[in-house]
1. With (1) in contact with a helix residue (DSSP H, G or I) (Cβ under 7 Å, 6 or more places away or on another chain); (2) crowded, with 16+ Cβ neighbours inside 10 Å as the list, and Lys84 as the residue in question, which single condition is left unmet?
2. So, Val24, is that one under 30 Å from Lys302 (Cβ atoms), in contact (Cβ under 8 Å) with a residue 12 or more places away in the chain and not charged (D, E, K, R) or not?
3. So, in the range 278-303, exactly how many residues are more than 6 Å from the ligand (Cβ to nearest atom), in a loop (DSSP other than H, G, I, E, B) and within 30 Å of Val70 (Cβ to Cβ)?
4. Among residues belonging to the range 112-153 that are exposed (fewer than 11 other Cβ atoms within 10 Å of the Cβ) and of a type outside the set (Phe, Trp, Tyr), point out the one that is nearest to the ligand (Cβ to nearest atom).
5. Looking at the range 34-72, which of its residues are outside any strand (DSSP E or B) and surrounded by 15 or more Cβ atoms within 10 Å (Cβ to Cβ)?
6. So if I check each of Leu167, Leu179, which one is at pLDDT 95 or above, buried (at least 22 other Cβ atoms within 10 Å of the Cβ), within 16 Å of the ligand (Cβ to nearest atom) and more than 28 Å from Gln42 (Cα to Cα)?
7. Quick check on Thr195: is it at pLDDT below 95, away from the ligand (no atom under 12 Å from the Cβ), surrounded by 20 or more Cβ atoms within 10 Å (Cβ to Cβ) and not in a loop (DSSP other than H, G, I, E, B)?
8. Which numbered condition trips up Cys190, out of (1) touching a residue at least 24 places away in the same chain (Cβ under 8 Å); (2) part of a helix (DSSP H, G or I); (3) surrounded by fewer than 23 Cβ atoms within 10 Å (Cβ to Cβ); (4) not aliphatic (A, V, I, L, M)?
Amino acid sequence: MNAFHIRDARGEAAALHALYQACVKALPRCKQELVAHAMPHQLLTTPGLVCFQDTSPVAALLWRTTDAGVVTAEFYGESRGAAKEAVEVLVQAFLAATQSAKARYFELWTPQDSKVLQVIRGEGFQPLDRQLLSISKPITSPALWNQFRFLSLRNFRASDCNTIARLIQEAYAGTADGLFYEEYQRPETCGAYVTRIINSPLCDLRNSWLAWSPSANKLAGIALSYIWPRASALYLEQLVVHPLFRGKGLGRALLSSVCGSLAEGSIEKVIVTVSKDNHPGLALLRSAGAEQIHSEVAFVHKQVPRGPEAQNNAGRPGETKSNPPILQPA
Ligand SMILES: CC(C)(COP(=O)(O)OP(=O)(O)OC[C@H]1O[C@@H](n2cnc3c(N)ncnc32)[C@H](O)[C@@H]1OP(=O)(O)O)[C@@H](O)C(=O)NCCC(=O)NCCS
């Protein structure tokens with residue numbers, strides 16, 4: 001019979017390196033091409049836990065917590081020899097260590113037979129099916145210069161993050177993604193999310209675009225990109241058009257601006273993840289020639305609200321304690 005021990009990941013660099021290598025090796029080739037083959041240095045100082053099965057490290061989980069109490073898994077690695085009990089011990093230790101979290105998210109690049117996927121489902125995490133898509137050719141778009149001003153984000157003041165946050169919050173309101181992702185739901189969480197993207201060293205301001213409507217004096221849409229240098233790729237983190245300006249070709253025009261770097265030859269592909277139920281998003285990407293490279297599942301575990309918050313939520317149509325509306329696809 002195996003013995004399982006949990007240790008703080010910050011003293012376990014060798015175990016993390018080994019689990020990272022095992023994790024990369026187990027990825028499908030299309031994903032191996034997109035990730036760093038050595039563990040990124042910053043992960044070694046990230047909060048996390050490692051589970052040892054007897055004396056071998058068999059599973060590790062690292063995470064990040066926002067000021068709003070949203071926890072996101074940053075890395076998960078599992079060795080082939082990990083017993084399901086080892087993964088259960090690790091996930092339960094993670095839940096205990098993050099018990100005040102408002103919501104916990106797992107968006108893992110892990111093989112479909114990983115034990116963690118069974119374990120988190122068993123712990124009540126709710127899934128959202130997603131697709132990883134790739135665009136490798138520039139796309140055409142209608143000329144919209146008479147309706148919108150297009151600005152590269154490098155010309156935008158960082159102090160205007162709140163304007164972008166408001167746009168994102170309003171664009172996702174009432175959508176399955178808006179219900180799933182806590183960060184899109186309130187101005188302060190959306191503001192923190194936008195600030196984090198824009199301040200990331202990987203945010204590619206040159207290939208991130210804003211569309212301003214002079215007639216409405218309003219931000220109409222945005223595309224935010226990260227650079228993934230190892231993969232010669234851009235990752236499209238956000239593509240959003242305000243509901244007032246939809247159906248005019250603006251989403252396509254913003255996507256076309258991002259894909260302009262494909263024509264310059266500075267990158268080889270634009271990668272994007274989209275939820276399977278996001279029909280407008282999928283239709284736009286497909287019409288732009290995006291091809292699916294993999295399917296994914298994101299998971300969330302939300303705290304059931306207690307006290308006044310629970311009372312405010314009580315009685316909303318479709319909402320029950322065991323099956324909250326945040327988890328219902330639109
Ligand atoms: C997805 C989104 C950006 C589309 O913006 P938009 O400006 O309305 O899109 P466009 O007018 O440029 O449409 C381009 C193409 O997308 C598709 N499309 C856009 N909206 C659609 C809808 N509601 N239903 C079906 N197809 C749609 C069509 O193929 C359309 O081409 P067509 O005009 O030749 O029919 C917008 O709906 C949005 O902001 N949604 C919320 C945020 C989101 O989900 N972002 C993720 C996108 S990956």
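1. (2)
2. no
3. Qualifying residue count for the region: 2.
4. Result: Thr140.
5. Scanning the range 34-72 gives Leu34, Val35, Met39, Leu43, Leu44, Thr46, Pro47, Thr66, Ala68, Gly69.
6. Sole residue among the options that is at pLDDT 95 or above, buried (at least 22 other Cβ atoms within 10 Å of the Cβ), within 16 Å of the ligand (Cβ to nearest atom) and more than 28 Å from Gln42 (Cα to Cα): Leu167.
7. No, not satisfied.
8. Failed condition: (3).
The values are calculated or read from the model by the stated rules, or taken from the named source; none is laboratory data. What you are looking at is a predicted structure, and each value in this text was computed from that prediction instead of being measured. Methodologically, a virtual Cβ is constructed for each residue, glycine included, from the backbone with ideal geometry; neighbour enumeration extends over all protein chains shown.
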